[in-house]
1. State all residues of segment A:288-303 that are hydroxyl-bearing (Ser, Thr, Tyr) and more than 9 Å from every other protein chain (Cβ to nearest Cβ); if no residue qualifies, say none.
2. If we keep just the residues of segment A:27-49 that are outside any helix (DSSP H, G or I) and among the charged types (D, E, K, R), which is farthest from the other protein chains (Cβ to nearest Cβ)?
3. Within segment B:360-386, track down each residue that is within 7 Å of chain A (Cβ to nearest Cβ), β-branched (Val, Ile, Thr) and not in a helix (DSSP H, G or I).
4. Does any residue in segment A:262-287 that is more than 11 Å from every other protein chain (Cβ to nearest Cβ) and part of a helix (DSSP H, G or I) come within less than 6 Å, Cβ to Cβ, of a residue that is modelled with pLDDT of 85 or more and buried (at least 21 other Cβ atoms within 10 Å of the Cβ) six or more places away or on a different chain, and which pairs are these?
5. Which residue out of A:Leu24, A:Leu14 is surrounded by fewer than 19 Cβ atoms within 10 Å (Cβ to Cβ), within 11 Å of chain B (Cβ to nearest Cβ), free of Cβ contacts under 8 Å to residues at least 12 places away in the same chain and in a helix (DSSP H, G or I)?
6. Has segment A:316-329 got any residue that is in a helix (DSSP H, G or I), more than 9 Å from chain B (Cβ to nearest Cβ), under 21 Å from A:Val28 (Cβ atoms) and not aromatic (Phe, Trp, Tyr)?
7. In this structure, does B:Asn348 turn out to be touching a Lys or Arg at 6+ places or on another chain (Cβ under 6 Å), within 30 Å of B:Cys222 (Cβ to Cβ) and of a type in the set (S, T, N, Q)?
Amino acid sequence: MGAGRFIAKTGVRLLATYFAVIILYFIVVRVLPVLAAGGDMHADPLLAALRRTGEDPRFTFWIDEAIRTYGLDRPLIPDQLFRYLRSVVMFQFGVSVYTQQPVLNEIAVRLPYTLSFYTISTILPIVIGYYLGIISAKHRGKTLDSVIVQTSVVSRILPGWLVLLLIYYGLAYLPRIYWNLQIFPLPVRAPEIGIRDWEQFRYLLWYMSPMLLAALIAWSGGWIYYIRQLVVSEMGQDYYVTAVAKGLDEKTALSRHVIPNVRPPLVMSLAYTIPDIFGGSIIFEIICNWPGIASFSYVALQTWDFPVMSAFFTISALLNVVSLFVAEIILVLVDPRIRTGG
Amino acid sequence: MSKRISSKPTQLTARGSSYSETLLRLVLKKKSFLGGVALIAILAVPGIFASALTPYSPLSREVVAADFAIPEWAAPPDVPRNIVKSFNVFSILDKKVSGDVVIAASTNEVTKIEIRGEGKASVLLMSNDYVYYPYRPARQAQIDIIFNATYPPGVGEAWYNVEVILLNEDLLARGDKYVVKSTLASGREYVLEVPKGIYSLYDLVTTKVAALYPYHRGPVTCRTLVTLPNLVRNIQQKYITEISDPWVKDAISQEFSMVNALRDLILEKDTKIRVLINITYYCNPNDFLMQCSKGALEVRLDQVKLWIKGEAFGVLGTNAAGNDVWTQYLYGSRSAIAVGITVATLANLISLVVGLIAGYRADTSLDHAITFLVDVMNFIPTIPLIIVVGLTFGRNLWTIYTVIVLLSWQGGARIIRQWTMTLRASTFVEAARALGASEWRIMMKHLAPQLLPFLVYRIVTRAPAAVYLEASIQLLGFGDPEAPTWGRMINEAYYRGALLHNAWWWILPPMLGLILFGIGFVMIGMALDEIANPRLKR
């Protein structure tokens, strides 16, 4: 199988998965509540939320019109499902029930905040894990190795939010209570949306620092441990033993023979942990009032603001699909078996 | 495992019954296994005996002490402890009578005051018992007042008032004053000197919505709970209501309503605290408005119970609502262990079945469908989905756990599928197939036991994840509000100011519990890992 065909096949598979996720989401959010109420359309939480907004006389007319334009009084399947799928494909999510603003505008101003935190907190732990894991594997059986392994095992199981709370308690609240020192910011005054000057940008970075630190502590360990185990198990393989026996020094054997073999599983497991990291950063955003799309959609969840919810789900599913697709392409580039069609 | 399979040449070398014994012996030799078991036992054993270790229920939200009370063992000796005192026996301290009023009092067991006749009277009763207060002034108290005022049959309904007063005689005798200063808008400063040591807790007339007269008429069965500090009672004190200038009164009441009367006016180290009851009586047949003739009144004092809420309490203090943290911690550990293991076991059983079917039927349309399903499940953001389902079906613990089970089998299924695919080609499977064993039998009797070590390893390593997921849902505020879990404790602690109040006894136990819980399971997992996964052996 050639590289191009492999990529095309993966793309089709991921696209199908994406649509399945989107439809499943529609079923959970729109169909299940109605089914749970015994098929009563009036139990639809979205209609209830709209009617709540419509009680305000300023919005009554607008809400009635919105219900008609978006076809919310039509049957859920197939009319509303098709309308929903079209909106997902065209990226037209309409207007938020809660803020009365176009959803895409709301998302667009918040997406940079989510993406900045998400990308940094994904990439940095991998870089740290890559180097520390290889160092640990090089010194396997020694004290350094066992220290790194034990720390990383503890870090691997800790959920990020637990570390975040500990950091907030130990490094933000305690110094402030005992010495009136402000090392890390309290999760109280979140940065504003839209950065206008240098001061705001500095505050943003400062505000993000405990989140990043927690992400580093909580998410590096898994990578360190995983990469160390990969490298160590590759070092037990015959080809490595042969290479060393031939007189190749360990460093060259590692960089020429072991590490290229470690990369493909690494890229694959990265792709599969990306949804987990995304889920973890959602909790981070909500705990810290970080002005990203997750804390925005958290409010949407509470008010059953379907346009925002669907936009959030679509974007997060899309991010996952795209990152998995990129991972598969990288896999083609790094895995010689796929590249050469062997 | 049947005999004919025992000859199979597989890597895990199963030899009948001795196989599991060998495994067990191997595992028991591992230090990390024993350490992990010990760690989990330390967390689990108190949880198992929770009902014996704490008298409170985790769901009743019983207030046991002041809010943010620190643990008793960590508190210096002058931090207030709980003091509960029931004042039952009262004696007459002072009585004033005008007209032909007769006062009869019986003060043994239950205090009963009977007033009869036409005229005016006032009786001041003081409790015989007192509370000796040995700590620094406490912040909060609660007074339970039960009394009964009735009219004997065949008499007119007299007008009366009952007032309950908290008295610190030592402070009152010292004559100290608490100074309340307020600057009016005009710039004039007004100073009110409040006497220390006396504070009116309850006044029958002021509890009425519209009190036209300074007396009340009609029978009363009073069962009231006065909490201190009490903003409303503060500005109903006589020295505030008697200020004639409305502007001054307004300014002073604003200032005085912020005063913690218990801490600043009543309590002081090494003093005695008593309760006063003031009963006033009025019956004047010539009064046009407050009519009464041949009046009588009987007041029975059932209970005056003072509870000075301790600021040091129990093993782990109290939370922001005054609930016992130790109780919540104990029940939280119980639910964490039970739920972690149950949820992980169920999820991994699903992944075993699904993975076996997909792996055994690899590259069929069934396998493709399962792989596709696993991919779809992988893409679903777990936390938002649990929140949505919780909102639809109620934020119930069982709903949340069901969703967690349904959303966490896919990772295991993928790995088990891979293992099954390699095992499928083994000779023992071929032999079984040749002997005519059904697919289901091969999967369950021959393949599943091979995967058992891996399954156990996976259950052990996934158990903390299930608990962490539930805790994170709780932290976001979408968990079961009635579930006694560590996650709910962390949620309450984080959002109700445990960090700001430095309430380490509240926020740290559940967090450390979760961390140690995870470490314990991972230590067991590491011991199992080398057995379940021999490739990783060093």
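1. If the condition is that a residue be hydroxyl-bearing (Ser, Thr, Tyr) and more than 9 Å from every other protein chain (Cβ to nearest Cβ), then A:Ser295, A:Thr303 are the ones that fit.
2. A:Asp40
3. B:Ile380
4. A:Val262/A:Leu230; A:Val262/A:Val231
5. A:Leu24
6. Within segment A:316-329, one or more residues are in a helix (DSSP H, G or I), more than 9 Å from chain B (Cβ to nearest Cβ), under 21 Å from A:Val28 (Cβ atoms) and not aromatic (Phe, Trp, Tyr).
7. no
Rundown of residues vs (1) in contact with a helix residue (DSSP H, G or I) (Cβ under 9 Å, 6 or more places away or on another chain); (2) of a type in the set (A, V, I, L, M, F, W, C); (3) surrounded by fewer than 22 Cβ atoms within 10 Å (Cβ to Cβ); (4) more than 30 Å from B:Leu289 (Cβ to Cβ), yes/no style:
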site: B:Ser122; (1), (2), (3), (4): no, no, yes, no
site: B:Ala138; (1), (2), (3), (4): yes, yes, no, yes
site: B:Pro152; (1), (2), (3), (4): no, no, yes, no
site: B:Trp159; (1), (2), (3), (4): no, yes, no, no
site: B:Ile165; (1), (2), (3), (4): no, yes, yes, no
site: B:Leu171; (1), (2), (3), (4): yes, yes, yes, yes
site: B:Lys177; (1), (2), (3), (4): no, no, yes, yes
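The values are calculated or read from the model by the stated rules, or taken from the named source; none is laboratory data. Being a predicted model, the structure only gives us computed values, none of them experimental. Because the Cβ atoms are built from the backbone with ideal geometry, glycine has one as well, and the counts that use them run over all protein chains shown.
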